[in-house]
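The values are calculated or read from the model by the stated rules, or taken from the named source; none is laboratory data. This structure is a prediction, so every number in the text was calculated from the model and none was measured. Counting neighbours? That spans all protein chains shown, and the Cβs are built from the backbone with ideal geometry, glycine included.
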Amino acid sequence: MKFIADLHIHSKYSRATSPKTDLEHLSESAKIKGIKVLSTGDFTHPIWFAELKQKLEPAEPGLFKLRTGDNGTRFVLSSEISCIYKKNDRVRKIHILTLAPSFEAVEKINTKLNTIGNLKSDGRPILGLDAKELAKIIFNASPDCIIIPAHIWTPWFSLFGSKSGFDKIEDCFEEITPQIFALETGLSSDPKMNWQLSALNRFSLVSNSDCHSPEKIGREANVFDTDLSYFAIKEVLQKKDKTKFLFTIEFFPEEGKYHYDGHRVCNICFSPEQTKKHNAICPVCKKPLVVGVSNRVAELADRPFGFKPENAIPYKSSVPLRELIGEALGVGSNSKKVDIEYQKLIKNCGSELDILLEMPIEKLREKTLPDIAKAIDLMRQGKVQAIPGYDGVFGKIKVLGEQTKNKKIGQPKLFDPVRD
């Protein structure tokens with residue numbers, strides 16, 4: 001069975017999330033987006049976990065469905081945990097995504113973690129716990145749990161982040177490393193960037209939305225062709241049959257908010273080359289720049305950009321449909337005009353991800369405005385113009401500008417948004 005899975009989201013109990021991020025709205029949005037398997041997020045939060053137990057019931061092995069109002073969406077129990085601790089004379093800040101096959105496993109995890117930190121404070125709890133020790137707790141709760149280091153390149157809170165991460169996964173997880181088999185690439189990188197590191201060969205590179213509102217579900221996701229079950233997904237991620245992981249759905253990484261280096265307050269955005277020219281110092285405030293994902297990947301890479309490992313999982317880059325419609329109409333993506341056209345497309349053509357990635361362009365031209373169909377076509381070809389994100393500022397992707405007509409996206413430098 002072919003289906004799309006988004007394995008990392010947050011609930012309404014995480015900071016800076018929409019109050020609509022409850023199971024009912026998540027399930028409805030998943031259907032609109034074309035997501036079959038959706039993470040619950042935040043199972044460590046006691047109120048949210050109680051709601052999960054109340055509103056969900058078992059479906060396929062290790063997956064759950066709504067007790068009432070089931071529309072076919074399946075949920076997998078998950079949570080992101082923030083580990084902040086000192087190791088090798090440096091403060092480490094690592095975010096860990098955890099998937100669990102049962103409420104019983106989650107209860108064991110939560111019982112142990114509740115003795116270490118305050119699980120009520122945030123849907124994504126902050127614990128003064130070594131990531132390796134967290135992994136031990138999770139695997140002791142159930143060997144069927146899955147641990148995925150989250151958004152591995154973002155500067156502040158990740159496995160390889162420039163501000164608080166490690167240079168090698170073994171330095172973080174030590175003897176637990178063999179039990180880790182998947183890594184989340186994050187919005188600011190894509191598989192092609194990660195292929196530059198031979199050390200990542202054995203890992204499945206997954207992509208998830210890490211969303212804070214139902215509308216953002218599926219902005220990154222994974223496409224599988226396997227049985228609909230938690231355990232089948234785990235086997236795919238373990239690379240037991242590489243043909244069953246069809247592809248990932250990706251942001252153009254420049255749109256991610258940590259792709260380039262810079263200082264948001266100083267309005268400075270630098271490519272890695274320009275950061276080197278300035279010795280990684282902001283020319284405005286004279287403080288160290290926040291070194292972003294593109295630069296950090298290049299620092300650890302042992303292969304040239306463009307190298308593709310044997311049997312690498314393919315990927316497709318996309319732009320959220322509302323953004324494409326907004327550009328085609330010349331209005332903001334949250335405008336009423338955009339919503340009208342978006343709802344028409346969903347009603348007439350199906351799910352958002354099918355519209356963006358699969359539906360023949362000829363059919364789209366029959367169903368929507370010419371500029372919307374053109375924008376989708378150009379996006380699929382990679383003919384986009386990008387203003388890279390930096391230091392917490394999302395980048396921008398444009399597809400209908402004059403500069404994009406004959407220009408395919410490149411990496412790492414598209415054009416200079418720099419303020420020297």
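Determine the pairs where a residue that is in contact (Cβ under 8 Å) with a residue 40 or more places away in the chain, located within region 148-159, has a partner that is outside any loop (DSSP other than H, G, I, E, B) and charged (D, E, K, R) with Cβ atoms under 7 Å apart, the partner being 6 or more residues away or on another chain.
Listed pairs, sorted by first residue: Ile148/Glu184; Pro149/Glu184; Ala150/Glu80; Ala150/Glu184; His151/Glu184; Trp153/Arg296; Trp156/Lys93; Phe157/Lys93.
For region 25-47, what are the residues that are part of a helix (DSSP H, G or I) and in contact with a Lys or Arg (Cβ under 8 Å, 6 or more places away or on another chain)?
If we filter region 25-47 for residues that are part of a helix (DSSP H, G or I), which is where we start, we get 25-33, 46-47.
Residues satisfying the conditions are Ala30, Pro46, Ile47.
Look at Ile4 and say whether it is at pLDDT 95 or above, assigned to a loop (DSSP other than H, G, I, E, B) and under 13 Å from Gly72 (Cα atoms). It would help to see each step written out before you state the result.
On the way: at pLDDT 95 or above: yes; assigned to a loop (DSSP other than H, G, I, E, B): no; under 13 Å from Gly72 (Cα atoms): yes.
No; evaluated as a whole, the condition is false for this residue.
Go through (1) in a loop (DSSP other than H, G, I, E, B); (2) surrounded by 17 or more Cβ atoms within 10 Å (Cβ to Cβ); (3) not aliphatic (A, V, I, L, M) and name the single condition Glu327 misses.
All conditions are met except number (1).
Please go through region 182-221 and give me each residue that is of a type in the set (Ser, Thr, Tyr) and in contact with a Pro (Cβ under 6 Å, 6 or more places away or on another chain), ordered by number. Don't jump to the end; show me each part of the working.
At the first step, the residues of region 182-221 found to be of a type in the set (Ser, Thr, Tyr) are 185, 188-189, 198, 204, 207, 209, 213.
Passing the criteria: Ser188, Ser189.
Conditions first: (1) under 20 Å from Trp153 (Cα atoms); (2) in contact with a Phe, Trp or Tyr (Cβ under 9 Å, 6 or more places away or on another chain). Thr226 passes all but one, so which condition is the exception?
All conditions are met except number (1).
Looking at (1) surrounded by 18 or more Cβ atoms within 10 Å (Cβ to Cβ); (2) modelled with pLDDT of 95 or more, which is the one condition that is false for Gly392?
(1)
Report yes if Phe231 is more than 29 Å from Gln385 (Cβ to Cβ), out of contact with any helix residue (DSSP H, G or I) (no Cβ under 7 Å at 6 or more places or on another chain) and surrounded by fewer than 19 Cβ atoms within 10 Å (Cβ to Cβ), otherwise no.
On the way: more than 29 Å from Gln385 (Cβ to Cβ): yes; out of contact with any helix residue (DSSP H, G or I) (no Cβ under 7 Å at 6 or more places or on another chain): yes; surrounded by fewer than 19 Cβ atoms within 10 Å (Cβ to Cβ): yes.
Yes; evaluated as a whole, the condition is true for this residue.
For region 342-355, state whether one or more residues are surrounded by fewer than 19 Cβ atoms within 10 Å (Cβ to Cβ), among the β-branched types (Val, Ile, Thr) and in a helix (DSSP H, G or I).
Yes, region 342-355 has at least one match.
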